[in-house]
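Some notes on the structure that comes next.
The values are calculated or read from the model by the stated rules, or taken from the named source; none is laboratory data. Just so we're clear, the structure is a prediction, and the values are computed from it rather than from any experiment. Glycine also receives a Cβ, built like all others from the backbone with ideal geometry; neighbour counts cover every protein chain displayed.
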Amino acid sequence: MTQLYHFHGGVHPPTHKALSVRSPIATPPLPSKLVIPFHQHVGSMAKPLVQAGDYVFKGQLIGMPEDGLSSAIHASTSGTIAEIGMQVVAHASGLPDLCATLIPDGKEAWVVREQRNPITLPIDEIRHILRLAGIVGLGGAVFPSDAKLRGGKHHVRTIVLNGAECEPYITCDDMLMRQRARDIVRGGDIIRRVLGADEVLIGIEDNKPQAIAMMQEACVDRSSMRVIAVPTLYPGGGAKQLIRVLTGIEVAAGVRSTDKGVQCFNVATAYSIYRAVAFSEPLLSRIVTVTGNVHKPQNFEVLIGTPVDELVAWAGGKPDTTHHIMGGPMMGVPLPNDQVSVVKACNCIIAASDALFPPAPPAMPCIRCTRCAEVCPQELQPQDLYWFAKSKNFGKAQEFHLFDCIECGACSYVCPSHIPLVQYYRFAKSEIWARDNDKKAADQARERHEFREYRIEREKQEKADKLAAKEKAALAAKPAASDDAQQKIQAALAVAKQQAVTPKNVSDLTPQQQAEIADIEARRANNQARAQSDAGT
Amino acid sequence: MFYSPFIRKPISVSQIMLRVMLALIPAIGAYLYYFGPIILVSLTLASITAVATEAAMLKLRNRPVAPFLQDNSALLTAWLIALSIPALAPWWLVVVGTAFAIVIAKQLYGGLGNNPFNPAMIAYAVLIISFPTHMTHWLTPAMLIHADLGFAGQLAYMFGNVLPQNMTLDAFTMATPLDTLKTQLHLGTAISSIFGQPIFGGLAGQGSEMVAVGFLVGGVYLWATRIITWHLPVAYLGSLFVIAGIFHLIDPAHYAPPLFHLFSGAAMLGAFFILTDPVTSPTTHKGKLIFAAGAALLTYLIRVFGGFPDGMAFATLLMNICVPLIDLYTQPKVFGKKEQAR
Amino acid sequence: MISALLVMAGIAIVLGAVLGFAAIKFRVEGNPLVDKIDAVLPQTQCGQCGFPGCKPYATAIAAEEADINCCPPGGEEGIRKLAELLNKEFKPFGDNAKPKPKAVAYIDENTCIGCTLCIQACPVDAIVGAAKQMHTIIAADCTGCELCLAPCPVDCIAMNPIEETLSVWKWKYPVYALSPTP
């Protein structure tokens, strides 16, 4: 029996998971169009490789990862690119981003794929494959997996596969583990091989007995891989919390987990890694739970780019739905409209209605009851952070570890005053980032300005030095110039005057050419006059 | 627009306050049994005053009235005031105390959640400084009473300052056990003989000790329903017990036994209902322990060596001042940064 | 009597020596206040304060020759920071100095005649180009100071406000109906 550790706090919101596990993962028909954003991952945006009108095959690379941290984007099915342009994306801001609109032709014509053996493939090549296959963390963080597989200065001893899925309503990982346990385990093998880890721990919350059973069966012949049932406690599926529960290691904010000898991957990511490495299938689809205010809550294997309204229609969306939530009810993002498309980060779409999610009662003042501190998994003092964020005392908020907050929402969940605490932390964080950027810009501007002043000063000095040197030289040269040389110059000048030479190319001009020259001369004079007057002002 | 989390635990400030008021019921019951129904009158009077002044202040401060009145915090303050001053006090004493608590100690500091001092204890402190005689006329418990004034008579005294001709105030009121102890010790009487007097019961004062038990019962209910944590009451009562115990061991003739201190005066009320006011107590666990231990020490010092019969109110207020400092210096280490800080 | 005098004299000598030593040892080069003020200023070098750049303005503030509300690009928050730094009262902007939304300069390349006047005006060298060659703005380095607008003989420079995009989007301050806080 493995020893499990505790993390501080946590809450038990009603799970509502039974709704969407009654039927297996379904594959919906092709949507009428796919809107594929070029920036679905952490890092820089992928560079578009296609233009409107291009025909693309299923799995074709349409967005090339830029230098550094980035990931690839692919055509989720075959068809024609109708447009490359700005469209509203699934983001809380409701702002547009660069997307490719793909009209499927219904043929599902694949690009050329090859089968590979993950056991013999060089490790560097696996990372390259993953980068070009657009594999990112599917738990919601969408961090490029190839970067996570690079390892750190320290030896990574333990891989944690995260199948905890602690958020209410969401069952996509549960269903994936029930139905595709073998491929997840094979993905775990690849991760373990690339990072050279000793063991793989698969953490699953104990409210998913079927998934635990299937995963146990799948890794029964692997001595280095263990399935561990962890207590159901939100946010036990947060990477930091799951690592803590399984290994006892606490990874602080701003610390790479590899430096602590552990790395965490979502089970769906492990599955996608296997598919990409063994079958060269890029990340074209993911399992999405569609639940909430729908007739038939279910999990779907959804193509990236599928519009949310079409997806919800397949699950039988009810007419009194007011809006949709991407993700769970604790950390999810309200979608700006239902035409935005499913992206790699989208594990769940909840159709929301006022009956399911009644609007928050008005917020009362904080009474410092510290229920938030009791449940905070990061052991913060949310009531203090709230105080500082509210009064925009950002320095103090940082001192009180604002950036250790994982925005799990447990504090807001228990607040008897119904204060939107997490919202205050998000506000404070983005303000601090903006200020940091302003500060950097100001420092850069100061540096450039100071350099410019220095340069002007230096040029002035150089000019003065040059002038001085010239004068000195002239002074020194004067006595050397002999009288006969002077006489020669004078003679030459006199000859020139007599002859009154004119340039050859100005004789025999057509009237048109003469007019042009006059025009140019006039403009030049004009410009000179203007420049002089400007310089004078 | 609303943002995550989209679900909330069904709990509110007003429910919490209501639960705390509910937890006061056992003590009120004991009060009724031992001292008669007059406590209900002062509870009502305090409640009306609190709600009226709160509403008026919210209106003056241009704040929404309805949601803040529904939070029940003013009512709770009113009940605590009524329970901590003599039940048979003149009506204006209750009104002045409650109004001071709500207007000055709470609303002028910014209302719910912003008051640095416990409003009920401010009221108590103001009253005992301004009207010391009125504040020492405590009702004699029913079994010790010589001449019963009757409920109607009590009302007449309370609202009209009228007493029956053949009666004085002393016939049905008395000093508290703590006060008696102090006076008698001053006269040189030994503890053992003081405790032989009829006003003392098994633990502390006759009747009042059972009210204290009522507070204890209510407090355990609050702890069991997770309205309060164990830190404040345990640290307070524990420290008081230890301090009183040490003194008692040193000189049993001059220092009352620790259980007497726990069950007399406002110790039980304070431990479970006053110190635990979240607004005016520290937020960290360590801070709570320090805060409560400090309050216990001050309570004991004021009781035994100070000029006032009970020290709970002043101890609380003095410790309230220290709360920001305590909080600042007891910040717990956050997730993942425990080793690094060492 | 004598011993008392000696003791006093001794103390005076020792303390004097300590003070003298401290004055040399902890000597502060330059005026640290100017640098502190300069750190708060937004470094647009726009001259809207009436001084030829942020540093001169900082110097003037430190010398109490200028008010703290003369820097529109710093915004009200800038004034607040200065007020806090200098322990002064917050002062709102005057009527002639109102902050504008942040912008970057943009050169219309069809109209530009390559006169290099804007290059000479730019305080942070954020314009590239050469005589009779088209000029362009390095948007990332542009502080939006507008100093290049005036010298352009053909008015080909425009200020484009910085639009909100996903990368610069910020969460808004939570507002709710209950407390109409001042």
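Scanning region A:101-122 for any residue that is touching a strand residue (DSSP E or B) at 6+ places or on another chain (Cβ under 9 Å) and crowded, with 20+ Cβ neighbours inside 10 Å turns up at least one such residue. Taken over region C:61-76, the criterion of being within 12 Å of the chain's Cα centre (by Cα), outside any loop (DSSP other than H, G, I, E, B) and over 15 Å from residue C:46 (Cβ atoms) is satisfied by C:61 alone. Regarding residue C:95, is this residue under 30 Å from residue A:524 (Cα atoms) and of a type outside the set (A, V, I, L, M)? Taking the combined requirement at face value, the residue does not satisfy it. Within region C:106-134, the residues that satisfy the criterion of being in a loop (DSSP other than H, G, I, E, B) and under 26 Å from residue A:437 (Cβ atoms) are C:122, C:123, C:124, C:125, C:126.
Which is in a loop (DSSP other than H, G, I, E, B), within 10 Å of chain A (Cβ to nearest Cβ) and hydrophobic (A, V, I, L, M, F, W, C), of B:334, B:323?
B:334
All conditions in (1) part of a loop (DSSP other than H, G, I, E, B); (2) not assigned by TED's automatic domain parsing to the domain that holds residue A:171 hold for residue A:320, with the sole exception of (2).
Looking across region A:426-455, just one residue is surrounded by 21 or more Cβ atoms within 10 Å (Cβ to Cβ), more than 9 Å from chain B (Cβ to nearest Cβ) and in contact with a Phe, Trp or Tyr (Cβ under 8 Å, 6 or more places away or on another chain), and that is A:428. Residues of region B:96-115 that are more than 14 Å from chain A (Cβ to nearest Cβ) and either outside any helix (DSSP H, G or I) or more than 24 Å from residue B:265 (Cβ to Cβ) (or both): B:99, B:102, B:103, B:104, B:108. Would a scan of region A:95-102 turn up a residue that is out of contact with any helix residue (DSSP H, G or I) (no Cβ under 7 Å at 6 or more places or on another chain) and free of Cβ contacts under 8 Å to residues at least 12 places away in the same chain? Yes, region A:95-102 contains at least one residue that is out of contact with any helix residue (DSSP H, G or I) (no Cβ under 7 Å at 6 or more places or on another chain) and free of Cβ contacts under 8 Å to residues at least 12 places away in the same chain.
Listed conditions (1) among the small types (Gly, Ala, Ser); (2) in a helix (DSSP H, G or I); (3) over 9 Å from the mean Cα position of the chain (by Cα) are all met by residue C:50, apart from (2). One residue is enough: does region A:417-424 have a residue meeting the conditions of a type in the set (Phe, Trp, Tyr) and either more than 7 Å from every other protein chain (Cβ to nearest Cβ) or in contact with a strand residue (DSSP E or B) (Cβ under 9 Å, 6 or more places away or on another chain) (or both)? No.
If you filter region C:24-45 down to residues that are more than 10 Å from chain A (Cβ to nearest Cβ), in contact with a helix residue (DSSP H, G or I) (Cβ under 8 Å, 6 or more places away or on another chain) and not acidic (Asp, Glu), you find that the one that is nearest to residue C:99 (Cα to Cα) is C:37.
The single condition from (1) touching a helix residue (DSSP H, G or I) at 6+ places or on another chain (Cβ under 7 Å); (2) surrounded by 15 or more Cβ atoms within 10 Å (Cβ to Cβ) that residue C:125 fails is (2).
Can you work out which of the residues in region C:86-106 that are of a type in the set (A, V, I, L, M, F, W, C) and under 20 Å from residue A:441 (Cβ atoms) is nearest to the other protein chains (Cβ to nearest Cβ)?
This residue is C:104.
Condition check for residue A:344 on (1) under 28 Å from residue B:277 (Cβ atoms); (2) touching a Leu at 6+ places or on another chain (Cβ under 9 Å); (3) more than 8 Å from every other protein chain (Cβ to nearest Cβ); (4) not hydrophobic (A, V, I, L, M, F, W, C): one failure, at (1). Scan region A:363-373 and tell me whether some residue there is surrounded by fewer than 24 Cβ atoms within 10 Å (Cβ to Cβ), touching a Phe, Trp or Tyr at 6+ places or on another chain (Cβ under 6 Å) and not hydroxyl-bearing (Ser, Thr, Tyr). Checked against the condition, which is being surrounded by fewer than 24 Cβ atoms within 10 Å (Cβ to Cβ), touching a Phe, Trp or Tyr at 6+ places or on another chain (Cβ under 6 Å) and not hydroxyl-bearing (Ser, Thr, Tyr), region A:363-373 yields at least one hit. Please indicate, with yes or no, whether at least one residue in region B:53-65 is out of contact with any helix residue (DSSP H, G or I) (no Cβ under 9 Å at 6 or more places or on another chain), outside the structural domain of residue B:270 (by TED's automatic domain parsing) and not acidic (Asp, Glu). Checking region B:53-65: at least one residue is out of contact with any helix residue (DSSP H, G or I) (no Cβ under 9 Å at 6 or more places or on another chain), outside the structural domain of residue B:270 (by TED's automatic domain parsing) and not acidic (Asp, Glu). Residue count for region B:22-46 satisfying the condition of being under 16 Å from the mean Cα position of the chain (by Cα) and either surrounded by 18 or more Cβ atoms within 10 Å (Cβ to Cβ) or among the hydroxyl-bearing types (Ser, Thr, Tyr) (or both): 11. Only one of these is out of contact with any helix residue (DSSP H, G or I) (no Cβ under 8 Å at 6 or more places or on another chain), outside any helix (DSSP H, G or I) and either facing chain B (nearest Cβ under 10 Å) or acidic (Asp, Glu) (or both): A:338, A:354. Name it. Matching residue, one of A:338, A:354: A:354.
The set of residues from region C:83-99 being under 18 Å from residue C:46 (Cα atoms) and touching a helix residue (DSSP H, G or I) at 6+ places or on another chain (Cβ under 8 Å) comprises C:93, C:97, C:98, C:99.
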